[in-house]
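Just so it is clear, none of the values below were taken in a lab; they were calculated from the coordinates. On a predicted model such as this, the values are computed, not experimentally measured, just so you know. Here Cβ is always computed from backbone atoms with ideal geometry, including for glycine, and neighbour counts include all displayed protein chains.
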Amino acid sequence: MTDTTEQGAPARPADATDEAPGAFEAYGKNEAYGKNEADTRAEAYGEGAADTYGKNEADAPSTLAARDLRLGYDQRPVVTGITADIPAGRVTMIVGPNACGKSTLLRGLARLLAPTSGEVLLDGQDIHRLPTRQVAARLGILPQTPVAPDGIRVIDLVGRGRYPHQGWFRRWTATDDEAVAEALTATDTLDLAERSVDELSGGQRQRVWIAVALAQRTGVLLLDEPTTYLDLPHQVEVLDLVTDLNRQRGATVVTVLHDLNLACRYGDHLIAMKDGRIAAEGPPAEVVTEDTVRDIFGMECRIVTDEVSRTPLILPIGRHRVHRPTATG
């Protein structure tokens, strides 16, 4: 059984009493927040940085935008000149066919990939000029394949989501306890708190990583295919959870999702990509049309209204299992 405090909250992470220096270094090594620049400790605690730590716990949604953003790998362009303003306080879904640049765009927005040109603006500032810790206090990211240290317990991993909010001399606080307990409860992982992450199934591990992002309590949350490894009930549960976060805290959420129907159901705003560019964007009902699906995905379909959510529902048309009325008379 999970150890609890007198108030019924999970036991604190093993390193909860550690001061921030060691915690920051461990945080920096986590793939979800990997450092792709030579940020120094002085930069991380630069002038004015401490003032942001307590104020960015989703008090208000941060703004996120791209300006003529170009991204690539080894001189191979992937995202070619994207300009977009992510609607603050809304859920944005990025959709498109395989290899169109969806995850690359998300990595660029998260500062995990440096642009070849253009810029990403977080609250109006170039995200690559901000100290790492300031960015982490405002923006959370769940990548496709996060890696946990060997043998780490669930509660210790989720506790790492609190490191951006802990200054140089700040110790673990009741606010940190509350954030971790809330994240574990929201993701239905409270009963896993004392287990090693290595022991978990793919679906359980995915929910734990979402708990890490929730514990971070940022104004912006970026999720790269968060329903990977999950069965349909858990996919819906995760997207309900993301919607709760948006509606209850006003967080700005950006999610890469392959399932067009779930993207339409849960997204306030869609960005549809093709060949590294934005082919269409706007509310699902305006973006998702038969012509758009044909142009972007190369697939014939019919669009009907989802009777549950009143959002667009895509019915794909393949070569088989298609009813074709026969001529009569």
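Could you calculate the FRET efficiency of Asp68 with Arg247 from 1/(1 + (r/R0)^6), where r is the beta carbon distance between them and R0 is 51 Å, rounded to 0.05? Working from the Cβ atoms, E equals 0.95. Each residue of region 157-165 was assigned a 3J(HN,Hα) from its phi angle through the Karplus curve 6.51 cos²θ - 1.76 cosθ + 1.60 (θ = phi - 60°); the sequence is 5, 5, x, 5, x, 8, 4, x, 8 Hz, with glycine and proline shown as x. Modelled label positions at Ile317 and Thr185, each set 7 Å beyond Cα in the direction of Cβ, lie 5.0 nm from each other. Spin-label model, Gln144 to Asp295: label points 7 Å out along the Cα-to-beta-carbon direction sit 2.6 nm apart.
For Asn98 and Arg171, what does the FRET efficiency come to when R0 = 56 Å and r is the distance between their Cβ atoms, rounded to the nearest 0.05?
Working: r = 46 Å, r/R0 = 0.82.
After rounding, the FRET efficiency stands at 0.75.
The H on the amide N of Leu69, modeled in the peptide plane, is under 5 Å from the matching H of Gly81, Ile82, Thr83, Glu119, each at least 5 residues off or on a different chain. 3J(HN,Hα) along region 295-307, derived from phi through the Karplus expression 6.51 cos²θ - 1.76 cosθ + 1.60 where θ = phi - 60°, amounts to 6, 7, 9, x, 10, 6, 7, 10, 10, 10, 8, 5, 5 Hz, with x in place of Gly and Pro.
Each principal axis of region 198-283 carries a Cα extent, and these read 42, 26, 22 Å when sorted largest first. Take 298-304, 286-292, 106-112 and order them by the average number of nearby Cβ atoms within 10 Å per residue, most first; the result is 106-112, 286-292, 298-304. In region 113-229, the ratio of gyration radius to Kirkwood radius, Rg to Rh, stands at 0.99 when only Cα atoms are counted. Taking 7 Å steps out from each Cα toward its Cβ at Asp85 and Arg129 produces label points 2.0 nm apart.
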